[in-house]
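**Student:** Take a look at this one; I'll ask things after.
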Amino acid sequence: MATVPVRVKSPRERERLIFTAASIAAALVVVAGFSRTYYLKELFGTPQLSPLVHLHGLLFSSWVVLFIVQAWLVSSRRTRLHMKLGIAGFLLAVTMIIVGTLTAVTAARLGHAPPGAPPPLIFFVIPFFDMVVFTILIAAGFLFRRHTDYHKRIMVVATLGLLTAAFGRLTIIFLGSGKPMLAMAGTTLLLIGIVIWDSHLHRRLHPAFAWAGALLVLSYPTRFLVAQTGAWMHFARWITG
């Protein structure tokens with residue numbers, strides 16, 4: 001009786017699966033986290049959003065969509081189009097940094113913070129550092145754009161770093177109040193899962209995941225330490241004044 005040969009996926013194909021899975025996971029977290037306050041807000045009757053917040057949501061949603069498209073293009077071996085879209089992605093990232101920072105500053109100035117979160121000027125350290133870390137990783141991703149193994153891993157970490165806000169919204173949905181530490185833990189666990197998967201495939205921890213992941217994860221306790229200093233409060237009052 002003839003047997004049908006089973007095709008074993010190559011390491012490169014399995015690697016593409018990792019980054020495709022990462023992009024889909026990011027999209028699911030974002031949609032779930034912001035479903036009530038953004039994507040499906042009309043169904044839940046949540047407060048109206050300002051034009052700036054709408055722009056912020058549109059830009060960050062576009063980034064997640066672009067991240068999925070880019071992962072698909074790589075898995076489909078359409079690298080030329082991937083590189084062309086990368087230019088648009090870089091411009092989008094720069095716009096996100098500007099608008100994201102303005103949104104965080106405006107929220108702190110107006111005294112807005114999620115339910116159960118620290119006071120606005122202290123909570124402001126979280127989105128502000130989100131933008132700082134994102135800026136560093138985007139700059140690194142641009143510099144390493146010709147080194148694809150580094151570039152794609154840096155971009156994964158940069159995108160996962162944006163999920164903290166979405167995880168924070170999930171804590172509000174399920175626990176009734178914002179839990180910044182739990183939100184950061186959610187991002188960290190997702191990152192660790194992807195890094196372990198990638199490291200198991202290649203039998204080593206890739207340097208890009210090592211330093212980019214460390215930058216993101218270590219930024220979390222750093223934020224809490226910085227927020228307790230007089231220098232931070234002086235800066236927060238100055239920039240929101």
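**Student:** All but one of (1) within 20 Å of Ala27 (Cα to Cα); (2) surrounded by 17 or more Cβ atoms within 10 Å (Cβ to Cβ) hold for Phe129, so report the exception by its number.
**Tutor:** (1)
**Student:** If you go through the range 86-119 one residue at a time, how many are among the hydroxyl-bearing types (Ser, Thr, Tyr) and either open to solvent by 60 Å² or more (accessible area, probe 1.4 Å) or within 18 Å of Phe67 (Cα to Cα) (or both)?
**Tutor:** Qualifying residue count for the region: 1.
**Student:** So Thr171 ticks every box in (1) surrounded by 18 or more Cβ atoms within 10 Å (Cβ to Cβ); (2) out of contact with any Lys or Arg (no Cβ under 7 Å at 6 or more places or on another chain); (3) assigned to a helix (DSSP H, G or I); (4) not aromatic (Phe, Trp, Tyr) but one. Which box is left unticked?
**Tutor:** The failed condition is (2).
**Student:** Also: Any chance you could count how many residues in the range 124-161 are of a type in the set (Phe, Trp, Tyr) and over 19 Å from Ile98 (Cα atoms)?
**Tutor:** So the count comes out to 2.
**Student:** Give Leu225, Leu191 a once-over and let me know the one that is in a helix (DSSP H, G or I) and surrounded by fewer than 19 Cβ atoms within 10 Å (Cβ to Cβ).
**Tutor:** One residue alone meets the criteria, Leu225.
**Student:** Only one of these conditions is not met by Arg204: (1) among the basic types (Lys, Arg); (2) in a helix (DSSP H, G or I); (3) exposed (fewer than 14 other Cβ atoms within 10 Å of the Cβ). Which number is it?
**Tutor:** Single failed check for Arg204: (2).
**Student:** Given the structure, is Ile126 in contact (Cβ under 8 Å) with a residue 60 or more places away in the chain and under 23 Å from Gly33 (Cα atoms)?
**Tutor:** Spelling it out, Ile126 is indeed in contact (Cβ under 8 Å) with a residue 60 or more places away in the chain and under 23 Å from Gly33 (Cα atoms).
**Student:** Which of the residues spanning the range 68-85 are of a type outside the set (D, E, K, R) and open to solvent by 30 Å² or more (accessible area, probe 1.4 Å)?
**Tutor:** Ile68, Val69, Trp72, Val74, Ser75, Ser76, Thr79, Leu81, His82, Met83, Leu85
**Student:** Among the residues of the range 221-240, how many are farther than 19 Å from Ala117 by Cβ and small (Gly, Ala, Ser)?
**Tutor:** Here the count works out to 2.
**Student:** How many of the residues in the range 98-113 are closer than 21 Å to Val133 by Cα and part of a loop (DSSP other than H, G, I, E, B)?
**Tutor:** Going residue by residue through the range 98-113, those that are closer than 21 Å to Val133 by Cα are 98-108, 113.
Then keep just the ones that are part of a loop (DSSP other than H, G, I, E, B); that gives 113.
The total comes to 1.
**Student:** Within the bounds of the range 148-161, is there any residue that is farther than 17 Å from Ala71 by Cβ and either surrounded by 19 or more Cβ atoms within 10 Å (Cβ to Cβ) or free of Cβ contacts under 8 Å to residues at least 12 places away in the same chain (or both)?
**Tutor:** Step one: filter the range 148-161 for residues farther than 17 Å from Ala71 by Cβ, giving none.
No.
**Student:** Specify which of the listed residues (Ala21, Ala113, Ala25) is touching a Pro at 6+ places or on another chain (Cβ under 8 Å) and in contact (Cβ under 8 Å) with a residue 60 or more places away in the chain. Even if it seems obvious, please write down each step before you answer.
**Tutor:** Details: Ala21 fails: touching a Pro at 6+ places or on another chain (Cβ under 8 Å); Ala25 fails: touching a Pro at 6+ places or on another chain (Cβ under 8 Å).
It is Ala113.
**Student:** Also, I was wondering about something else. Does Arg36 count as more than 30 Å from Gly176 (Cβ to Cβ), open to solvent by 90 Å² or more (accessible area, probe 1.4 Å), out of contact with any strand residue (DSSP E or B) (no Cβ under 9 Å at 6 or more places or on another chain) and modelled with pLDDT under 95?
**Tutor:** No, not satisfied.
The values are calculated or read from the model by the stated rules, or taken from the named source; none is laboratory data. Note that the coordinates shown come from a computational prediction; the quantities given were computed from them, not determined experimentally. Here the Cβ is made from the backbone with ideal geometry for all residues, glycine too, and neighbour counts use every protein chain on show. Heavy atoms of the whole protein, side chains included, go into the accessibility calculation; ligands, DNA and RNA do not. Shrake-Rupley method; radii C 1.70, N 1.55, O 1.52, S 1.80 Å.
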